[in-house]
Amino acid sequence: TTEELEFITKIEATMLFDQEAIVRRICIDVLSAFVLKISEENLNHLLNIGLHAISSDLDWEVKKKSAKFWSNVVTRLKTDFTARNELNNFAAKKQLTCYDDEQLITALESHGVLTALLLGCQDYEAAVREEYIVLTEAIMQEFDLAQHSLNKLRKLDLEDSSKGNMRGTTEDFDYEEEDIVDTIESVVEAEDSDLLKNLVVKQDQEAKKELTKVKKQDLNEFLQEYTSLEQKAKKVEEGRSEADTLVSILEDIIHSDSGDGLVEI
């Protein structure tokens, strides 16, 4: 509607031009509530504002609050798909079924949800990363994204194998879990510049004052990059543990040399 569009335009202007972080924080809270009610025709505009908030806003609290926006986007998608299936099942006089996972996951890709999750998990502010990691883990578990991607790869391999047999190929299809491990290892070994290449199309926002344009990630890209982040975080944690152990040993040596803590007999 026209009123919706005017309202969205005002929100966009606030996110782009208002210098007060507290105003933008309130604005992202409004966005989070509004995304559950906005019409389908204006939804994409709101999603672009949400992507701008997590990718380009300079206030860490705005970014942290934007996690609620994306959580509500997922809630809306589930509600919409469930309602649509109820109507379809009723019309076809079929037993009520849950929403189609594959269609919903495709919607997570096209609506920028997976992209926003990655941006949040990669943010330089620890508080933002923590908020988005919790949300990401919940979404990955709810939709079993890793298994969905694995099943999709198996399906593609089976189709390729079937085509090979039609051409007279006698080789048997033998899917190995090691293929997935090899893929993950190749991602971990890749350079950061390769993993993040073209994720965000940078613009001179001070001059143009436009919403940041962000390349949307598909499920496989999302899983590869998120796995890489997990591996790096694990290595950092292991490094910290080793450093703490070394510090503890050095402290014991220092105390021993100085005689601190020793009891004379």
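What to note about this one:
- Residue in region 232-255 that is at pLDDT 85 or above, surrounded by 11 or more Cβ atoms within 10 Å (Cβ to Cβ) and closer than 25 Å to VAL134 by Cα present: yes
- Only residues that are touching a residue at least 12 places away in the same chain (Cβ under 8 Å) and open to solvent by 60 Å² or more (accessible area, probe 1.4 Å) were counted in region 208-217, giving 4.
- Unique residue being modelled with pLDDT of 55 or more, under 15 Å from TYR226 (Cα atoms) and not hydroxyl-bearing (Ser, Thr, Tyr) when the list is ALA146, ALA127: ALA146
- Residues that are modelled with pLDDT of 95 or more, crowded, with 20+ Cβ neighbours inside 10 Å and aliphatic (A, V, I, L, M) do occur in region 63-73, at least one of them.
- Scan of region 25-39 for residues that are assigned to a helix (DSSP H, G or I), open to solvent by 20 Å² or more (accessible area, probe 1.4 Å) and without any contact (Cβ under 8 Å) to a residue 40 or more places away in the chain, ordered by number: ILE26, ASP29, VAL30, ALA33, PHE34
- Here LEU119, LEU114 are screened, and the one residue that is in a helix (DSSP H, G or I), out of contact with any Asp or Glu (no Cβ under 9 Å at 6 or more places or on another chain) and open to solvent by less than 60 Å² (accessible area, probe 1.4 Å) is LEU119.
- Selection of first residues in region 125-152 that are open to solvent by 60 Å² or more (accessible area, probe 1.4 Å) and of second residues that are of a type outside the set (D, E, K, R) and assigned to a helix (DSSP H, G or I), restricted to Cβ pairs under 6 Å at least 6 apart or on distinct chains, gives the following pairs, ordered by first then second residue: GLU125/TRP60; ARG129/CYS121; GLU131/ALA67; ILE133/CYS121.
- Against the conditions (1) open to solvent by 10 Å² or more (accessible area, probe 1.4 Å); (2) out of contact with any His (no Cβ under 8 Å at 6 or more places or on another chain), GLU12 satisfies every one except (2).
- Subset of region 29-43 (residues that are within 10 Å of ILE8 (Cα to Cα) and touching a Gly at 6+ places or on another chain (Cβ under 9 Å)): LEU31
- In region 43-60 there is at least one residue that is touching a Ser or Thr at 6+ places or on another chain (Cβ under 6 Å) and either open to solvent by 60 Å² or more (accessible area, probe 1.4 Å) or over 16 Å from HIS111 (Cβ atoms) (or both).
The values are calculated or read from the model by the stated rules, or taken from the named source; none is laboratory data. All values derive from a computational prediction rather than experimental measurement. Here Cβ is always computed from backbone atoms with ideal geometry, including for glycine, and neighbour counts include all displayed protein chains. In case anyone asks, the SASA skips ligands and DNA or RNA and just uses the protein heavy atoms, side chains included. Shrake-Rupley method; radii C 1.70, N 1.55, O 1.52, S 1.80 Å.
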